[in-house]
Amino acid sequence: MTAMPKKYPVFGVLVSATTYDEAATCIMEKAAARESCVSTYMPVHSLMLAARNPEYRAIVNSFELACPDGQPVRHALAMLHGRTLPDRVYGPQHMLVLCERAARQNIPVYLYGSTPRVVEKLGDTLRERFPGLDVAYCESPPFRTLTDAELDETAERFNASGAGLFFIGLGCPRQDEFAARIRDKVHGALLCVGAAFDFHAGEKPMAPAWMQRHSLEWLFRLCKEPRRLFGRYFVYNSLFLAYLGRDILRRRLGIGRNEQSTDEKDTRP
């Protein structure tokens, strides 16, 4: 079994220094063996939510993988830890990588999230894009926290489906909180891919590749949804730059260089 990629603390949040291929290999091994694991994807927004919320940070730090979804997060790994990666590991793109492998390895997938129309459309899109892919079930859950009884019933459906990959599109931090609650009940890999459902179902456009490469996806999305995203990007992008500048300065001054974050311990809730 391939070892999970090493994690490094970025503002106290443990981020996996990994690539699309390495992360996919680890996930598919777990999926094939029907062993529980969770992968989440860290853009700036999610990273800063976790950095400022100890309970959410403990959840993220308990997962096997917390991939650098945003280019700024990838750059932070390089600046703070010298871990230069060839690219980020973008959740929506990684979903396609995993579906392609699942089709080749005959591992069914389960789609959980969004609205009934969107999740069904997503299932049809993935089947068409990846011939042979077995989309075992498409489920749109209630937009609220599940009761313990409902969670048990959901886990039973997950396991009864025969799927090895479970894509969760509930948005941050709700999808991570859900994954943390259900992970020990499910036999397979849970992937918290958020907006991937809307992108691949054709509900929202993805930023052009050149904008993604140059850390400008936020600008593309802001232009598409200015009223919803202006406050988020203004607050969290500003906080990210402030935290990064602080930690770079601390490292240059040798402050905390030899400290080991307690978050590197097992913080599974």
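Give the number of residues within the stretch 147-194 that are in a loop (DSSP other than H, G, I, E, B), open to solvent by 20 Å² or more (accessible area, probe 1.4 Å) and of a type outside the set (S, T, N, Q). Before the answer, list the steps.
Step one: of the stretch 147-194, the residues in a loop (DSSP other than H, G, I, E, B) are 147, 161-164, 170-173, 186-188, 193-194.
Checking which are open to solvent by 20 Å² or more (accessible area, probe 1.4 Å) leaves us with 147, 161-162, 170-173, 187.
Filter once more, so that each one left must be of a type outside the set (S, T, N, Q): 162, 170-173, 187.
Number satisfying all stated conditions: 6.
Of A33, A3, A78, A66, which residue is without any contact (Cβ under 8 Å) to a residue 60 or more places away in the chain, under 12 Å from the mean Cα position of the chain (by Cα) and farther than 23 Å from G231 by Cα? Full working, then the answer.
Values: A33 fails: under 12 Å from the mean Cα position of the chain (by Cα); A3 fails: under 12 Å from the mean Cα position of the chain (by Cα); A78 fails: under 12 Å from the mean Cα position of the chain (by Cα).
None of the others qualify; the one that does is A66.
Can you pull out every residue in the stretch 133-146 that is assigned to a strand (DSSP E or B), open to solvent by less than 80 Å² (accessible area, probe 1.4 Å) and not hydrophobic (A, V, I, L, M, F, W, C)? Break it down stepwise before answering.
Keep residues of the stretch 133-146 that are assigned to a strand (DSSP E or B), which gives 135-139.
Okay, now just the ones that are also open to solvent by less than 80 Å² (accessible area, probe 1.4 Å), so 135-136, 138-139.
Correct list: E139 only.
Hey, T2 hits all of (1) over 14 Å from V193 (Cα atoms); (2) crowded, with 21+ Cβ neighbours inside 10 Å; (3) of a type in the set (V, I, T); (4) in contact with a helix residue (DSSP H, G or I) (Cβ under 6 Å, 6 or more places away or on another chain) but one; which does it fall short on?
(2)
I need the full set of residues from the stretch 84-113 which are in a helix (DSSP H, G or I) and closer than 12 Å to A196 by Cβ, in order please.
The initial filter retains those residues of the stretch 84-113 that are in a helix (DSSP H, G or I), namely 91-105.
Of everything in the stretch 84-113, those that are in a helix (DSSP H, G or I) and closer than 12 Å to A196 by Cβ turn out to be G91, P92, Q93, H94, M95, L96, V97, L98, C99.
Can you confirm whether the stretch 255-266 contains a residue that is closer than 16 Å to L14 by Cβ, in a helix (DSSP H, G or I), modelled with pLDDT under 65 and open to solvent by 70 Å² or more (accessible area, probe 1.4 Å)?
Yes, that holds for at least one residue.
Take the stretch 183-210 and flag every residue that is among the small types (G, A, S) and touching a residue at least 40 places away in the same chain (Cβ under 8 Å). Steps first, please.
Taking the stretch 183-210 as the starting set, the residues that turn out to be among the small types (G, A, S) are 188-189, 194-196, 201-202, 207, 209.
G188, A189, G194, A195, A196, A201, G202, listed by residue number.
So, in the stretch 57-71, how many residues would count as being assigned to a helix (DSSP H, G or I) and either buried (at least 20 other Cβ atoms within 10 Å of the Cβ) or among the aliphatic types (A, V, I, L, M) (or both)?
The qualifying residues number 6.
For (1) open to solvent by less than 20 Å² (accessible area, probe 1.4 Å); (2) touching a strand residue (DSSP E or B) at 6+ places or on another chain (Cβ under 9 Å); (3) under 27 Å from S140 (Cα atoms), each residue gets a yes or a no:
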{"site": "S36", "(1), (2), (3)": "no, yes, yes"}
{"site": "S39", "(1), (2), (3)": "yes, yes, yes"}
{"site": "E55", "(1), (2), (3)": "no, no, yes"}
{"site": "P86", "(1), (2), (3)": "no, no, no"}
{"site": "Y90", "(1), (2), (3)": "yes, yes, yes"}
{"site": "Q93", "(1), (2), (3)": "no, no, yes"}
{"site": "Y112", "(1), (2), (3)": "yes, yes, yes"}
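The values are calculated or read from the model by the stated rules, or taken from the named source; none is laboratory data. It should be emphasised that the depicted structure is a prediction, and the values quoted were computed from it without experimental measurement. So basically every Cβ, Gly included, is an ideal-geometry build from the backbone, and we count neighbours across all protein chains shown. Keep in mind that these areas ignore ligands, DNA and RNA; they rest on the heavy atoms of the full protein, side chains included. Shrake-Rupley method; radii C 1.70, N 1.55, O 1.52, S 1.80 Å.
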